[in-house]
Amino acid sequence: MNRATAQMRNCAKRLIACEALGNKSSETKTPAAFQVCEKLHPHLATLVGDGGFRALLSRALALANAEVPWLSAVHVKADGALEGLEERHAQLDPDEFFEGRVVLLAQLLGLLVAFIGANLTLRLVREIWPKVPLNDLNFGNGDKNEKTK
């Protein structure tokens, strides 16, 4: 099942833009979408542990690879970091690389919604990126076990 819905892609693009703006002055080599994944890591590790984070990111990568084949060259390392990005970044068209970043992040967000629910996912994202406007996004109405406000 493809969890990279239009809503997830929209959210992913906003988070990538926020990270790109926030890191304009820094000399980081990690593209913004992957910085988003790195920023999510400690928060998700609190919920699911480091192994759970690696598993979620690995699954998101596998799902994204079905849509963006160049992601097959990227792997999740034991510490939860992504490896193989620099090589692909140098070889790909910027738009193609951006699309891969969006799809991977959208898949990760989609998995989070599936596992912890829309409300908790949005709360987590808002906690990490409070300035990113998300009120117009609908990640779903939550499942039957999830209370809505």
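Throughout, read-outs are computed from the coordinates displayed, never taken from laboratory work. These numbers were taken from a predicted model, which means no experiment stands behind them. Note that we place each Cβ from the backbone using ideal geometry, even for glycine, and neighbour counts take in every protein chain shown.
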Can you compute 3J(HN,Hα) from phi for each residue in the range 129-135, using the Karplus curve 6.51 cos²θ - 1.76 cosθ + 1.60 with θ = phi - 60°, rounded to whole Hz and x for Gly and Pro? 10, x, 8, 7, x, 10, 4
Cα convex hull of the range 32-107: how many Å³ per residue? 75
From the phi angles alone, apply the Karplus equation (6.51, -1.76, 1.60; θ = phi - 60°) to the range 80-95 and give each ³J(HN,Hα) in whole Hz, x where the residue is Gly or Pro. x, 7, 8, 10, x, 6, 4, 4, 5, 4, 6, 8, 9, 5, x, 5
The range 27-107: trypsin sites (Lys or Arg not before Pro) in DSSP loop, at most 12 other beta carbons within 10 Å: Lys29, Lys77
